[in-house]
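The values are calculated or read from the model by the stated rules, or taken from the named source; none is laboratory data. What you are looking at is a predicted structure, and each value in this text was computed from that prediction instead of being measured. Cβ atoms come from the backbone with ideal geometry, glycine included; neighbour counts cover every protein chain shown. Side chains are part of the model used for accessible areas, which takes the heavy atoms of the whole protein and leaves out ligands, DNA and RNA. Shrake-Rupley method; radii C 1.70, N 1.55, O 1.52, S 1.80 Å.
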Amino acid sequence: TLPLIFSVFLIGITLAAFLLLFHNLRKQHRLSAIKNEFISNISHELKTPIATVSVALEALRDFHARKDPLRTQEYLDISHQELQRLSLLVDKVLKLSIFEKKAIELKEEAVELAMIVEEVAGSMRLQYDKCGATLHTSFDGDTTVMGDRLHLLSVVFNLLDNALKYSGQSPEVFVRVSGTSREVILTVRDNGIGIPEVYTEKVFEKFFRVPQGNVHQAKGYGLGLSYVAAIMKQHRGSIRAESILGKGSNFILHFPAGRL
Ligand code: ADP
């Protein structure tokens, strides 16, 4: 009976190994399908603003020559709007880096986080106004950290974008940056739909979206927060979420003062 038990054991192990392999292959296949869809969507979306701006610029040359200030203004507005769209797409391209296995390469420069928040808040003002949302910012202390300006802009953009995407009635968002000699803390607090407590850590995982609330009306791939978390890790910082379902969420980011 011993050889029989051994053979059954061996067959069992082989079967388990095959199942595991099959499961991993399926998972990889699913991830690469999502990645391909993501990339093909971006490439497609990139074409529209570029085409629109080049047509608008050509028209502008005519309107300018014909001294038509009304149409000139209209086409300037269109170009501005489309360029905003283009900058959102650049944010999506930045997020692509988290599909790669290796760490994201960061620049190391002195960046004032208060300025980053001001810049992103300024560029999103129109979007907030359109939704009847208010955005409050407050700063205190020295908010300088060592890091990568472009990625930090994208971090703040993702948090402010989510605060609006998952908002409730009369959305209000508070961004606060405060610096001490040891660290700089950035918080983004909203009064939106909130996140069930069981998911406040899971939201930082790749492709995770809370399976309830208005999440299905809001477009997304569940990549924003995992990108933000990866960038925070690279900055030797941390991020966590506190939330009360139906009341709002608070994202708390810690950056060390000093060099990377
Ligand atoms: P996406 O917004 O593309 O789904 P994210 O990674 O940015 O991806 O967010 C993951 C999930 O976390 C979202 O799908 C949503 O369920 C939840 N979430 C993120 N930010 C907030 C927020 N401010 N309020 C409520 N839920 C949020």
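Scanning region 209-234 for residues that are within 16 Å of the chain's Cα centre (by Cα) and part of a loop (DSSP other than H, G, I, E, B), we see that the one that is nearest to Glu108 (Cα to Cα) is Leu223.
Checked across region 40-54, the condition of being in contact with a Phe, Trp or Tyr (Cβ under 7 Å, 6 or more places away or on another chain) and modelled with pLDDT of 85 or more holds for no residue.
Cβ separations smaller than 6 Å between residues 6+ apart or across chains give the following pairs from region 236-252 residues that are farther than 19 Å from Gly147 by Cα and in contact (Cβ under 8 Å) with a residue 24 or more places away in the chain to residues that are surrounded by 14 or more Cβ atoms within 10 Å (Cβ to Cβ) and of a type in the set (Asp, Glu): Gly248/Asp190; Ser249/Asp190; Asn250/Glu242. Would you call Lys92 surrounded by 12 or more Cβ atoms within 10 Å (Cβ to Cβ) and at pLDDT below 85? For Lys92, the condition - surrounded by 12 or more Cβ atoms within 10 Å (Cβ to Cβ) and at pLDDT below 85 - is met. Does Gly141 satisfy the criteria of being in contact with a strand residue (DSSP E or B) (Cβ under 7 Å, 6 or more places away or on another chain) and farther than 30 Å from Ile50 by Cβ? So Gly141 passes the test.
Kindly evaluate Tyr221 against the criterion of being open to solvent by 30 Å² or more (accessible area, probe 1.4 Å), near the ligand (Cβ under 8 Å from one of its atoms) and more than 20 Å from Phe157 (Cα to Cα). Answer is no for this residue.
On the stretch given as region 131-172, residues that are more than 16 Å from the ligand (Cβ to nearest atom), open to solvent by less than 30 Å² (accessible area, probe 1.4 Å) and in a loop (DSSP other than H, G, I, E, B) total 2. Residues in region 200-213 that are within 7 Å of the ligand (Cβ to nearest atom) and of a type in the set (A, V, I, L, M, F, W, C): Val203, Phe208, Val210.
Please work out which residue is surrounded by the most Cβ atoms within 10 Å (Cβ to Cβ), limiting yourself to region 224-249 and to residues that are more than 10 Å from the ligand (Cβ to nearest atom) and of a type in the set (Val, Ile, Thr). Explain how you work it out, then say what you get.
As a first pass, look at region 224-249 and keep what is more than 10 Å from the ligand (Cβ to nearest atom): 230-240, 242, 244, 246-247.
Restricting the remaining residues to those that are of a type in the set (Val, Ile, Thr) gives 231, 239, 244.
Values: Ile231: 25, Ile239: 21, Ile244: 13.
Among residues in region 224-249 that are more than 10 Å from the ligand (Cβ to nearest atom) and of a type in the set (Val, Ile, Thr), the one surrounded by the most Cβ atoms within 10 Å (Cβ to Cβ) is Ile231.
Looking across region 62-72, the residues that are surrounded by 12 or more Cβ atoms within 10 Å (Cβ to Cβ) and in a helix (DSSP H, G or I) come down to Asp62, Phe63, His64, Arg71, Thr72. Scanning region 173-199 for residues that are under 17 Å from the mean Cα position of the chain (by Cα) and either more than 9 Å from the ligand (Cβ to nearest atom) or within 21 Å of Phe255 (Cβ to Cβ) (or both) turns up Val173, Val175, Leu186, Thr187, Val188, Arg189, Asp190.
Restricting the first member to region 188-208 and to residues that are closer than 23 Å to Ala121 by Cβ and in contact (Cβ under 8 Å) with a residue 60 or more places away in the chain, and the second to residues that are assigned to a helix (DSSP H, G or I) and more than 6 Å from the ligand (Cβ to nearest atom), the beta-carbon pairs closer than 7 Å and six or more apart or on different chains are Val188/Leu159; Val188/Leu160.
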